[in-house]
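Trainee: Take this structure, written in structure tokens, and hold onto it; I'll ask about it next.
The values are calculated or read from the model by the stated rules, or taken from the named source; none is laboratory data. Computed from a prediction, not measured in an experiment: that's the story for all the values here. Counting neighbours? That spans all protein chains shown, and the Cβs are built from the backbone with ideal geometry, glycine included.
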Amino acid sequence: MVLALVLACAHPVDITLTAAEIAPTTADGKAWDGPNSLDPAAKGLLDSALAKIDPSGQLSGSLGSATEKLQKPDPAGTLFFLAGDGSPPTTADVPEASDTLTPTWAPGVGTLRNVMWSPKASLDVTVIDKDVSSDDPIGRVRLTAAQLSAAEARDGAFTIDVADATSGQLRSVSVVVVKSPTP
């Protein structure tokens, strides 16, 4: 009962995105990166050029596992916290994780520090696929004050299935919410 009362009052917290799960393909069924995300005509030209320089197929066989790795996204993100009291939003960037559908981030990396949690607070999590030429959206979800409160009540990361609540290909996010240390 005491914990519920403490969590219901406004108080400073640190929020960290620790993990996410991403669908294996983009919304239109294409690979995130690599040759299978190419336009079919461009892929045909690439395959033809590779066949001319490697008629035995040995080179393309050894590239197979590298090609599969290249097809996974390079997720990075942004946390956008709204206290719900009219104060300006607080943001934090979450760094890129290479070639993965299940990125993880270390504690303290991309952390919102000392933000004022309240029963009206919300957290927008946006995840993108970082690319050389242009980034691709993976998904965006808004976590409610109730979800943030549940995360704070747990000891460790709290995974939230967001597949039905997200825009895009984001399946779940894991967050850690802890009371900010007092100075």
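Trainee: If you scan region 139-168, which residues turn out to be at pLDDT below 90 and either aliphatic (A, V, I, L, M) or over 17 Å from Trp105 (Cα atoms) (or both)?
Mentor: Just the residues of region 139-168 that are at pLDDT below 90, to begin with: 154-158, 160-168.
Listed by number, the residues that qualify are Arg154, Asp155, Ala157, Ile160, Asp161, Val162, Ala163, Asp164, Ala165, Thr166, Ser167, Gly168.
Trainee: Being in contact (Cβ under 8 Å) with a residue 60 or more places away in the chain and either assigned by TED's automatic domain parsing to the domain that holds Thr100 or part of a strand (DSSP E or B) (or both) is true for just one of Leu143, Leu123. Which residue is that?
Mentor: On the way: Leu143 fails: in contact (Cβ under 8 Å) with a residue 60 or more places away in the chain.
After applying the criteria, what remains is Leu123.
Trainee: Here's a follow-up. Go through region 83-114 and report how many residues are among the hydrophobic types (A, V, I, L, M, F, W, C) and in a strand (DSSP E or B).
Mentor: Of all residues in region 83-114, those among the hydrophobic types (A, V, I, L, M, F, W, C) come to 83, 92, 94, 97, 101, 105-106, 109, 112.
Of the ones still in play, those that are also in a strand (DSSP E or B) are 92, 94, 112.
Residues flagged as among the hydrophobic types (A, V, I, L, M, F, W, C) and in a strand (DSSP E or B) within region 83-114 amount to 3.
Trainee: Please verify whether Asp131 is under 17 Å from Ala19 (Cβ atoms), touching an Asp or Glu at 6+ places or on another chain (Cβ under 9 Å) and acidic (Asp, Glu), treating the condition exactly as stated.
Mentor: Values: under 17 Å from Ala19 (Cβ atoms): no; touching an Asp or Glu at 6+ places or on another chain (Cβ under 9 Å): yes; acidic (Asp, Glu): yes.
In short, no.
Trainee: Here's a follow-up. Tell me, yes or no, whether region 136-153 has at least one residue that is closer than 14 Å to Pro73 by Cβ and in contact with a Pro (Cβ under 8 Å, 6 or more places away or on another chain). Talk me through it step by step, then tell me what you get.
Mentor: Our first condition is that a residue be closer than 14 Å to Pro73 by Cβ; within region 136-153, this holds for 136-139.
Those left that are additionally in contact with a Pro (Cβ under 8 Å, 6 or more places away or on another chain): 136, 138.
Checked against the condition, which is being closer than 14 Å to Pro73 by Cβ and in contact with a Pro (Cβ under 8 Å, 6 or more places away or on another chain), region 136-153 yields at least one hit.
Trainee: Now, a different point. Can you tell me which residues in region 126-140 are outside any strand (DSSP E or B) and either surrounded by 18 or more Cβ atoms within 10 Å (Cβ to Cβ) or free of Cβ contacts under 8 Å to residues at least 60 places away in the same chain (or both)? Give the derivation first.
Mentor: In the first step, residues of region 126-140 are kept if they are outside any strand (DSSP E or B); the result is 130-135.
Once the filter is applied, which keeps residues that are outside any strand (DSSP E or B) and either surrounded by 18 or more Cβ atoms within 10 Å (Cβ to Cβ) or free of Cβ contacts under 8 Å to residues at least 60 places away in the same chain (or both), region 126-140 yields Lys130, Val132, Ser133, Ser134, Asp135.
Trainee: Hey, can you tell me all the residues within region 91-110 that are more than 12 Å from the chain's Cα centre (by Cα) and modelled with pLDDT of 95 or more?
Mentor: Thr91, Ala92
Condition check ((1) acidic (Asp, Glu); (2) modelled with pLDDT of 85 or more; (3) outside the structural domain of Arg140 (by TED's automatic domain parsing); (4) surrounded by fewer than 12 Cβ atoms within 10 Å (Cβ to Cβ)) across all residues:
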| residue | (1), (2), (3), (4) |
| --- | --- |
| Cys9 | no, no, no, yes |
| Val13 | no, yes, no, no |
| Thr16 | no, yes, no, no |
| Ala19 | no, yes, no, no |
| Pro24 | no, yes, no, no |
| Ala41 | no, no, yes, yes |
| Gly44 | no, no, yes, yes |
| Ala49 | no, no, yes, yes |
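Trainee: Can you go through Ala76, Ala163, Ala151 and tell me which one is in a strand (DSSP E or B) and either touching a residue at least 24 places away in the same chain (Cβ under 8 Å) or at negative phi (or both)? Reasoning before the result, please.
Mentor: Numbers: Ala163 fails: in a strand (DSSP E or B); Ala151 fails: in a strand (DSSP E or B).
That would be Ala76, the only listed residue that is in a strand (DSSP E or B) and either touching a residue at least 24 places away in the same chain (Cβ under 8 Å) or at negative phi (or both).
Trainee: With respect to the numbered conditions (1) free of Cβ contacts under 8 Å to residues at least 24 places away in the same chain; (2) more than 23 Å from Leu82 (Cβ to Cβ), which one is the sole condition not fulfilled by Ser98?
Mentor: In the conditions (1) free of Cβ contacts under 8 Å to residues at least 24 places away in the same chain; (2) more than 23 Å from Leu82 (Cβ to Cβ), Ser98 misses (1) alone.
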